[in-house]
1. At a 1.4 Å probe radius, carbon and sulfur cover how many percent of the accessible area of the range 70-158?
2. What label, among (i) 31, 23, 14; (ii) 32, 15, 12; (iii) 27, 16, 15, belongs to semi-axes √(5λ) of the Cα gyration tensor in Å computed from the structure on display?
3. In whole Hz, what ³J(HN,Hα) sequence does the range 108-122 give by Karplus (6.51, -1.76, 1.60; θ = phi - 60°), x for Gly and Pro?
4. Determine the dipole magnitude for the chain: charges of +1 sit on the beta-carbon of Lys and Arg, -1 on that of Asp and Glu, nothing else is charged, the reference point is the Cα centre, and the result goes in debye to the nearest 20.
5. Determine the per residue accessible area of the chain with all protein chains present and a 1.4 angstrom probe, expressed in square angstrom.
6. What nm value, rounded to one decimal, do you get for the distance between TYR19 and ASN156 when each label is placed 7 Å out toward the C-beta?
7. Starting from the Cα-Cα distance between SER92 and ASP80, subtract it from 0.36 nm times their residue separation and give me the gain in nm to one decimal.
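The values are calculated or read from the model by the stated rules, or taken from the named source; none is laboratory data. Only a predicted model underlies this, so the values are computations on that prediction, with no experimental measurement involved. Reconstructed Cβ throughout: ideal geometry from the backbone, glycine too, with neighbour counts over all protein chains shown. The accessibility values were calculated without ligands, DNA or RNA, using every heavy atom of the protein model including side chains. Shrake-Rupley method; radii C 1.70, N 1.55, O 1.52, S 1.80 Å.
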Amino acid sequence: MGKDSASGNRLIANNKKAYFDYFIEDKLEAGLELCGTEVKSIRQGKCSIKESYIQIINGEVFAINMNITPYEKGNIFNKDPLRPKKLLLHKSEINKLAGQLSTKGYTLVPLQVYLKYGKVKMQIGLAKGKKNYDKRDSIAKKDQQREAAKDFKIRNLG
């Protein structure tokens, strides 16, 4: 739960797997339409976007399978943890995304959920799926960077 005091952001959930499985071509910030107990649960950091995806249904954007753990003190006010959550975007942004999604191979994936000035926001990415050989390249690059950092550390300590 990092805190970035300059912009007032506090990271709640991060989807690292999205960067491994997809090429992220464009990023967009969207608000989330939530109930009070869901917001309280998110403030406690009880949110997961690992298995979630984003769909445009009847001109509205929804986050499907986003899990928000029910708030302990919420009793009857708690909603279904996996219910579709509506994303708040301008009509022009939705139309632009719908046009880009009609291109073969593109999808919308949630990248982050964070608090920005007290409001719950989600960063979504327009993504194109990676092939297996692209994933192997990503793993090789990560290993190479890890080795370089290790060598650098050894050289500077010794």
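1. Values: 3410 of 6270 Å².
On the range 70-158, the fraction of accessible area on carbon and sulfur atoms equals 54 percent.
2. This structure yields the entry labelled (i).
3. 10, 10, x, 9, 8, 10, 8, 9, 10, 6, x, 9, 7, 10, 10
4. Working: 31 positive and 17 negative charges, 72 e Å.
That gives a dipole near 340 debye.
5. Details: 10110 Å² over 158 residues.
That works out to 64 Å² for each residue.
6. 2.0 nm
7. Numbers: separation 12, 0.36 × 12 = 4.32 nm, distance 3.02 nm.
Separation in residues times 0.36 nm, less the Cα-Cα distance, equals 1.3 nm.
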